[in-house]
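What follows is a single structure, written as structure tokens, with notes after it.
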Amino acid sequence: MFIGHFAIAYVLIRLFPHVPPLVVLIGVGFPDILWPILILFGVEQAVINPNSPLQKYITFTSYPFSHSLGLTSIIACIPGVVLALTITPLAGILFVAASASHWFLDTVVHLNDLPITGLRRDKKVGFGLEVP
Ligand SMILES: [Zn+2]
């Protein structure tokens with residue numbers, strides 16, 4: 001799905017040519033940039049599972065901050081506000097929207113492990129469609 005995230009970025013770049021492309025390119029990857037940092041610090045968890053059919057040996061056990069629609073979007077507002085104040089308000093909005101688009105595309109390929117809000121006792125989604 002990695003390439004799909006950048007497809008969204010290129011659509012946004014085309015629709016909003018006055019916003020620096022790097023804003024949306026980093027925005028669509030923001031959850032995947034956040035995730036390894038949070039794993040490294042033990043905030044989020046993943047386990048190696050050689051029997052996982054789709055996710056290439058990694059089972060995502062807890063990643064509410066980097067990969068939920070709710071909390072990740074709230075966290076994306078931090079750089080979004082900085083971008084809005086330093087570049088343009090549209091740049092900030094696009095960063096947050098690009099980050100949120102990551103979750104929607106991830107629901108297509110992830111197993112039923114993507115949190116919606118990121119809060120406790122959250123419902124998780126994921127269609128588990130395999131991308132060749
Ligand atoms: Zn991701």
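Order 11, 28, 108 by their accessible area, 1.4 angstrom probe, all chains in place, largest first. Could the numbers behind the result be given before it?
Numbers: 11 80, 28 0, 108 50 Å².
Most to least solvent-accessible, the answer reads 11, 108, 28.
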Open item on the list: Which one, 115, 17, 36, has the greatest fluctuation when you compute a Gaussian network model over the chain with C-alpha springs under 10 angstrom?
Closed with: 17
- [ ] Quote the relative contact order of segment 47-126 in percent (integer), defining contacts as alpha-carbon pairs under 8 Å separated by 6+ residues.
- [x] 30 percent
Task: Relative contact order of segment 19-68, pairs being alpha-carbon contacts under 8 Å that are 6 or more residues apart, as % - done: 32 percent
TODO: Keeping the other protein chains in place, figure out the carbon and sulfur percent of the accessible area of segment 23-132, with a 1.4 Å probe.
DONE: 73 percent
TODO: Determine how many Å³ per residue the convex hull of the Cα atoms of the chain encloses.
DONE: 100 Å³
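On average, how much accessible surface per residue is there in segment 66-124, in Å², for a 1.4 Å probe, leaving out ligands, DNA and RNA? Before the final figure, lay out each step's value.
Numbers: 2970 Å² over 59 residues.
With the other protein chains kept in place, segment 66-124 gives 50 Å² per residue.
The values are calculated or read from the model by the stated rules, or taken from the named source; none is laboratory data. Model, not experiment: these values are computed from the prediction. The protein model used for the area step is the full one, side chains on, heavy atoms only, and it has no ligands, DNA or RNA in it. Shrake-Rupley method; radii C 1.70, N 1.55, O 1.52, S 1.80 Å.
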